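Asks: My questions all concern the structure below.
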Amino acid sequence: MTRPKKLFIKTYGCQMNVYDSERMAEAMGGQGYVETDTPDDADMILLNTCHIREKAAEKVYSELGRYRGLKEDRPDLKIGVAGCVAQAEGQEIMRRQPLVDLVVGPQSYHRLPDLLARTGNGARALDTDFPEEDKFEALKGRGKAKRGPTAFLTVQEGCDKFCAFCVVPYTRGAEVSRPAARVLDEARDLVERGVREITLLGQNVNAYHGHDKGLAGLIRELARVDGLERIRFTTSHPNDMDDELIAAHGDCDKLMPYLHLPVQAGSDRILKRMNRHHTAESYLRVIERLRDARPDLHLSGDFIVGFPEETEEDFRDTMALVEEVKYGSAFSFKYSERPGTPAAERAQVSEADKDDRLQRLQALLGRQQRELQDAMVGREVGVLFEKVGRHPGQMVGKSDYLHAVHVDGYGLAPGDLRRVRITSSGPNSLRGTLV
Ligand code: SAH
Ligand code: SF4
Ligand code: F3S
C-alpha cells in the first residue's frame, strides 16, 4: 500500500475560510491526502488566505517566504494559495513567488484536485474564475468521521453591498444562496457525526434567499432536526434584519440569544461615505426591536476607526452609539486602505489619530464586555461542553451567549448540553457548577 500523502492547511481570516478549508481537505481526501498539523512533513501546503486588511494580505507573502527551505529540500512539495488573496492577487502571487505551484480562488476550489494534477515539471496552475457551476454541488456529500460538537455551515456567499472600504464583493463575488434542502441535508449529516450546534455562515447571511421565508424560514426548519440543539448565524447586515428574523429571536428556542450585527461607525456622515445605506438611528431601532423580541440578547459588532475624512466629532458619535447599545463583545479595526475600493482614493486620517481612537474605543468596548460577563454571576445558563479543561475533571464549554465556561464535572463529555449556575467571572471566562 502506498503511504497516504500529507496535506497541511493554514487558514487565515473569517469563519467562512475555516469552513472552506474543511471542504478543501475533504476534496483532497478523495485524492489520498490526509491532514497534518505541521508543514515540515507535508507533501502539499495550502494557505487559505484573507485580503480584508493590508496586514492580513502581507502575512501570505511572509509565510510563503518561510517555505523556501522546505521546497529546496523536497522539490516534490506542492505549494498552493487559496482564499481571498488568491482571488485578488493571483497573478501577482505567481509572479512574486516562483515556489507557488497553484492558485485557486474561493469559488473554484472544487477544481483543486484537477489543478494539482496539472502541476509538476515546472507547470503551474491558476484558477480564479467565478464558474457557472456551483462548487457545493460538485463537492456533494461530506466525510463521515465523528467530529466535535460545533460546526460551521455556509449557506450564503458573496456580497452585493459594496461598502466603500471593503474587498469582499470583489473577492467573493455576488450574493448567492444555497438551496434550503441542501443545507438541511448537510445539517443532518453533521448531526449524525456528533454536531450539536451549527453556526450558519454567509458574508451577508441574513440576505439568505434559498428558502421562500428567508433565513428565518431556514432556521425554523433546522430547529426541527432532532439532535441539533443550538443554531447561530453570522454575519448579518442591519438592513437585512427582517420582521421574520426578529420574531425568530423571540420564539425559536434553539436560536441562541447572541447576534453579531456590525455597524462600523456611529456618525451618519461617515456611514453615508461608507455606502452603508443605514443611519445610526435606524441601526439602534433594529436593536430595540430585537431586544423587544428577546430581552436578554447579547450583541456583538464590528467597528472601523479612522475611515477617510473621519473627524474627532464623527468618532465621538461612534463612542456615543457604543454607550447606547452596550455590546457583549466586539471587533474594532483601524481603517486599512484596500486597492481598488473607493475609500482608498480619499483623504486619509493620520496613523496617530487612528491609534488614539482605536485605543479609546477598545477601552470602552472592553469595559462593556466585562460588565456583561460579570452580570452573568448568579444566573443559570445553558452550556454546551466542548473539551476537557486543563485541570482534572474540568470541562470547558460555551454559554448560550458564547462565553467560555469552566465547570468541575466528572462524567461530562464533549457534546453534553447542561444548565449551569455561574459562580464567578474571570478575565476571559466564567466558572460555574452544574444545576
Ligand atoms: N461580511 C462580513 C464581514 C466583513 S469583514 C460583514 O459584512 O460584516 C469583517 C469586518 O472587517 C468588517 O465588518 C469591517 O469592520 C472590517 N473591515 C472590512 N474592510 C476593512 C478595511 N478596509 N479596513 C479595516 N477594517 C475593515
Ligand atoms: Fe464588506 Fe459591507 Fe459586504 Fe460586509 S456588507 S462584506 S463590510 S461590502
Ligand atoms: Fe478575509 Fe475573505 Fe473572509 S477577505 S474576512 S477571508 S471573506
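Asks: Between residues in the stretch 401-413 that are within 19 Å of Arg230 (Cβ to Cβ) and residues that are part of a loop (DSSP other than H, G, I, E, B) and of a type in the set (A, V, I, L, M), which pairs lie under 7 Å by C-beta distance while being six or more apart or on different chains?
Replies: From the stretch 401-413, the pairs are His403/Met376.
Asks: For the stretch 282-299, what are the residues that are assigned to a strand (DSSP E or B) and either in the same structural domain as Pro238 (by TED's automatic domain parsing) or of a type in the set (A, V, I, L, M) (or both)?
Replies: Leu299 - this is the single residue of the stretch 282-299 that is assigned to a strand (DSSP E or B) and either in the same structural domain as Pro238 (by TED's automatic domain parsing) or of a type in the set (A, V, I, L, M) (or both).
Asks: Ok, one more. Can you go through Ala174, Ala181, Ala187 and tell me which one is under 30 Å from Arg96 (Cα atoms) and either in a loop (DSSP other than H, G, I, E, B) or away from ligand 3 (no atom under 16 Å from the Cβ) (or both)?
Replies: Answer to the check: Ala174.
Asks: Going by the conditions given, is Glu310 modelled with pLDDT of 95 or more and assigned to a loop (DSSP other than H, G, I, E, B)? Explain how you work it out, then say what you get.
Replies: Numbers: modelled with pLDDT of 95 or more: yes; assigned to a loop (DSSP other than H, G, I, E, B): yes.
So Glu310 fits the description; yes.
Asks: Return the only residue of Val225, Val263 being under 27 Å from Lys146 (Cα atoms) and β-branched (Val, Ile, Thr).
Replies: Val225
Asks: Take the stretch 193-207 and flag every residue that is closer than 10 Å to Phe152 by Cβ, within 15 Å of ligand 3 (Cβ to nearest atom) and of a type outside the set (Ser, Thr, Tyr).
Replies: Leu201
Let's see how each residue does on (1) surrounded by fewer than 15 Cβ atoms within 10 Å (Cβ to Cβ); (2) of a type in the set (D, E, K, R); (3) in contact (Cβ under 8 Å) with a residue 24 or more places away in the chain; (4) part of a helix (DSSP H, G or I):
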residue: Asp317; (1), (2), (3), (4): no, yes, yes, yes
residue: Ser332; (1), (2), (3), (4): no, no, yes, no
residue: Glu337; (1), (2), (3), (4): yes, yes, yes, no
residue: Gly340; (1), (2), (3), (4): yes, no, yes, no
residue: Asp356; (1), (2), (3), (4): no, yes, no, yes
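Asks: Between a first residue in the stretch 213-239 that is crowded, with 20+ Cβ neighbours inside 10 Å and a second residue that is polar (S, T, N, Q), which pairs have beta carbons less than 6 Å apart while being 6 or more apart in sequence or on different chains?
Replies: As it stands, the answer is Leu215/Asn206; Arg232/Thr199; Ser236/Asn206; His237/Asn204, since those pairs meet every condition given.
Asks: So, one more: Would you check if Ala27 is surrounded by 16 or more Cβ atoms within 10 Å (Cβ to Cβ), within 16 Å of ligand 2 (Cβ to nearest atom) and assigned by TED's automatic domain parsing to the domain that holds Val81?
Replies: no
Asks: Please give the helices (runs of 4 or more DSSP H) falling wholly within the stretch 1-113 in which 1 or more residues are more than 21 Å from Pro339 (Cβ to Cβ). Steps first, answer last, please.
Replies: Numbers: elements: 15-29, 54-66, 68-73, 83-96.
Hits in the stretch 1-113: 15-29, 54-66, 68-73.
The values are calculated or read from the model by the stated rules, or taken from the named source; none is laboratory data. Treat the numbers as computed from the prediction; the structure is a model and nothing was measured. Virtual Cβ from ideal backbone geometry, glycine too; neighbours counted across all protein chains shown.
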